[in-house]
Structures are given as structure tokens and as C-alpha cells.
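Student: Dropping the structure in here first, questions after.
The values are calculated or read from the model by the stated rules, or taken from the named source; none is laboratory data. The structure displayed is predicted, hence computed values, not measured ones. Reconstructed Cβ throughout: ideal geometry from the backbone, glycine too, with neighbour counts over all protein chains shown. Accessible surface areas use protein heavy atoms only, side chains included; no ligands, DNA or RNA. Shrake-Rupley method; radii C 1.70, N 1.55, O 1.52, S 1.80 Å.
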Amino acid sequence: MDYLSADPPRGEIPPAATRHVILDSAGHTLHGVLHLPAGPGPHPVLLLLHGFPGWERNFDIAHALRRAGVASLVFHYRGCWGMPGDWSWANSLADTDAVLDTLLRGDHPQMRELDSTRVGIAGHSLGGFLALHTASRRPEVRATVSISGFDFGAVAAAIHTDPALLETYVDAFGSETSVLSNTDGESLAQEMLDAGQEWSLRSLAERFTAREVLLVGTSRDGVTPSALHHDPLVAAFARAQSRLRHTVFDTDHSLADHRVRLTAQVVDFARARLISDRPAPSL
């Protein structure tokens with residue numbers, strides 16, 4: 001079956017489903033959407049993380065994953081899109097860790113059909129940062145994907161070299177806060193600077209030695225330009241001898257004109273590691 005263009009055959013029991021799930025992080029109720037493949041399972045699952053603040057939620061990838069036999073979970077971090085709590089970069093990290101821990105425990109009553117031994121994590125922009133940072137602490141994660149990942153450590157270092165850049169990021173962060181709670185551009189920029197190299201993606205490379213990683217960059221991208229966010233990251237992961245797959249698409253930050261190609265890369269990578277356990281195809 002071509003998961004990009006065809007639905008699965010009818011008649012499988014239970015049929016494919018889309019389910020609202022309620023998650024918890026530090027006492028905050030977070031809402032998510034689970035895309036379940038047809039059949040009884042247990043199904044492998046990819047935690048699919050949206051960016052900042054979440055205009056693009058990558059549901060096209062989620063549906064393709066389901067058609068290919070991989071479940072996906074998309075959720076909102078605290079303090080965004082009506083979720084309780086305050087928005088911060090650190091809180092989004094904590095929420096991601098809590099939700100991933102739930103998947104790896106395999107005890108959530110709304111997600112009994114999932115296989116806690118076949119879990120991957122993927123994200124776009126902020127979500128790419130969250131995916132890499134969270135997976136770096138969890139060797140049980142069998143596949144990690146970063147799409148146009150935002151390297152906070154690299155940006156903090158660039159601002160240290162050229163302080164005039166700070167105002168650019170204050171304005172950029174501030175322009176996206178209409179759907180966020182109790183934050184502003186200055187607070188978010190300062191949190192990034194305070195974290196400094198603790199939030200460097202390049203520094204994580206040694207934790208991914210012999211682990212499966214897909215890095216997708218974008219060449220027409222004013223948010224995460226490849227020269228700052230992608231190319232040095234690829235070099236660091238290659239030196240660390242991760243099982244690295246990487247590519248750069250000639251597109252913008254949201255990959256608006258490369259969605260089919262992006263979906264094929266992510267789904268094939270996830271399917272190879274979470275279903276067949278064969279080496280992922282070269283890109």
C-alpha cells in the first residue's frame with residue numbers, strides 16, 4: 001500500500017481511529033490527539049512535537065504515519081492554545097519529558113494499543129529542539145527526528161558575539177505570543193540567554209552514538225538558517241558516529257512546498273526503525 005496516496009483496506013478490526021487523550025505534566029492537564037492505525041496492535045508510536053507557538057502541527061505526517069502502521073501522538077504544551085499553566089521554553093521541555101515518559105511506561109488507560117518498546121520522537125523547529133534534548137536523556141527512544149530544529153545554544157552564542165542580534169529575537173518571539181500565557185518576547189529571549197550552552201544541540205551529539213537520528217534542514221529559512229542550526233549539527237552528530245541520516249530541502253521554515261517529500265522521509269525513517277527494525281534508507 002502506498003501510504004502517501006491510498007487508505008488502508010477496509011475490514012481490519014478495530015478500524016483506524018483518531019482519539020482525544022488527556023495527559024498530565026506536573027499537575028497540568030494537557031490535551032493531545034492520538035492517531036491509531038487499524039488492527040489490534042500493539043502499535044509502534046511516534047511522539048510528534050509542534051513548534052513555536054504551534055501554527056503548523058504536522059497532521060499530514062500523522063495521518064501518513066497511521067496509514068503506514070505507526071501511531072502518532074500530538075499534544076499542546078502548557079501555556080499555549082488554551083492549555084493551563086505558563087508558557088516557557090523550560091516548561092515545554094518538562095512537558096515533552098512527561099509525555100514521553102508516559103509512552104515509555106505504557107500504562108496510560110487511553111493508549112493501551114501502543115507498544116512501549118517501540119517509541120520514537122520527532123519535532124519541527126522548537127519541536128526539533130525538544131525531540132533531540134528529550135531523547136538525549138532516554139536511550140530507550142528508538143528513532144529521533146529533528147525538522148528545521150531550533151538550536152537555542154547556537155543562537156545564544158551568536159547573540160554573545162553580536163549583542164545587536166538580541167532585539168531581533170525579542171521581536172520575533174514576542175510576535176508569536178498571542179496564543180501563549182504569561183510571557184513576552186523579552187522573557188523568552190532572556191530565558192534562552194540564561195540557559196546558554198545548556199541548550200546547545202551540538203553538545204548532545206555524544207549521547208547519540210550508535211543511535212538512529214534523522215536531521216532535516218531547510219535552505220530558504222529565515223528562522224533556522226542551515227548555516228547556523230543544521231550544518232554544524234550534522235557535523236557534530238557525524239563526529240559522534242550516530243546512525244545519522246540528513247538532508248537539506250530547498251524550502252522555507254514550514255516546508256510549505258515540500259510536505260510530501262518531508263512526509264516520505266519521516267515516515268520511511270520511522271517505519272524502518274519502529275516496525276521492520278531494518279536500517280533506515282539513505283537520503
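Student: Can you work out which of the residues in the stretch 136-160 that are part of a helix (DSSP H, G or I) and touching a residue at least 40 places away in the same chain (Cβ under 8 Å) is farthest from ASP231 (Cα to Cα)?
Tutor: SER136
Student: Out of all the residues in the stretch 176-197, which are closer than 17 Å to GLY79 by Cβ and not hydrophobic (A, V, I, L, M, F, W, C)?
Tutor: GLU176, THR177, SER178, SER181, ASN182, THR183, ASP184, GLY185, GLU186, SER187, GLN190, GLU191 - these are the residues of the stretch 176-197 that are closer than 17 Å to GLY79 by Cβ and not hydrophobic (A, V, I, L, M, F, W, C).
Student: With the requirement that a residue be of a type in the set (Gly, Ala, Ser) and assigned to a helix (DSSP H, G or I), what does the stretch 114-135 give you?
Tutor: Matches in the stretch 114-135: GLY127, GLY128, ALA131, ALA135.
Student: Name, by its number, the condition in (1) under 19 Å from the mean Cα position of the chain (by Cα); (2) at pLDDT 95 or above; (3) more than 15 Å from PHE152 (Cα to Cα); (4) not in a helix (DSSP H, G or I) that does not hold for VAL234.
Tutor: Going through the list (1) under 19 Å from the mean Cα position of the chain (by Cα); (2) at pLDDT 95 or above; (3) more than 15 Å from PHE152 (Cα to Cα); (4) not in a helix (DSSP H, G or I), VAL234 breaks only (4).
Student: Give the residues of the stretch 164-185 that are among the aromatic types (Phe, Trp, Tyr) and open to solvent by less than 30 Å² (accessible area, probe 1.4 Å), sorted by residue number.
Tutor: PHE173
Student: Next question. State the number of residues belonging to the stretch 162-217 that are part of a loop (DSSP other than H, G, I, E, B), out of contact with any helix residue (DSSP H, G or I) (no Cβ under 9 Å at 6 or more places or on another chain) and more than 23 Å from ALA235 (Cα to Cα).
Tutor: Residues flagged as part of a loop (DSSP other than H, G, I, E, B), out of contact with any helix residue (DSSP H, G or I) (no Cβ under 9 Å at 6 or more places or on another chain) and more than 23 Å from ALA235 (Cα to Cα) within the stretch 162-217 amount to 3.
Student: From ARG202, ARG207, ARG105, ARG112, grab the single residue that is in contact with an Asp or Glu (Cβ under 8 Å, 6 or more places away or on another chain), at pLDDT 95 or above and either open to solvent by 50 Å² or more (accessible area, probe 1.4 Å) or aromatic (Phe, Trp, Tyr) (or both).
Tutor: Step by step, each of ARG202, ARG207, ARG105, ARG112 is checked, and only ARG202 is in contact with an Asp or Glu (Cβ under 8 Å, 6 or more places away or on another chain), at pLDDT 95 or above and either open to solvent by 50 Å² or more (accessible area, probe 1.4 Å) or aromatic (Phe, Trp, Tyr) (or both).
Student: Can you list the strands (runs of 3 or more DSSP E) lying wholly within the stretch 1-95 that have 3 or more residues being surrounded by fewer than 18 Cβ atoms within 10 Å (Cβ to Cβ)?
Tutor: 17-25, 28-36
Student: Further, regarding this structure: Please specify each residue of the stretch 244-270 satisfying the condition of being surrounded by fewer than 20 Cβ atoms within 10 Å (Cβ to Cβ), over 16 Å from SER226 (Cβ atoms) and in contact with an Asp or Glu (Cβ under 7 Å, 6 or more places away or on another chain).
Tutor: Scanning the stretch 244-270 gives a single hit, ARG259.
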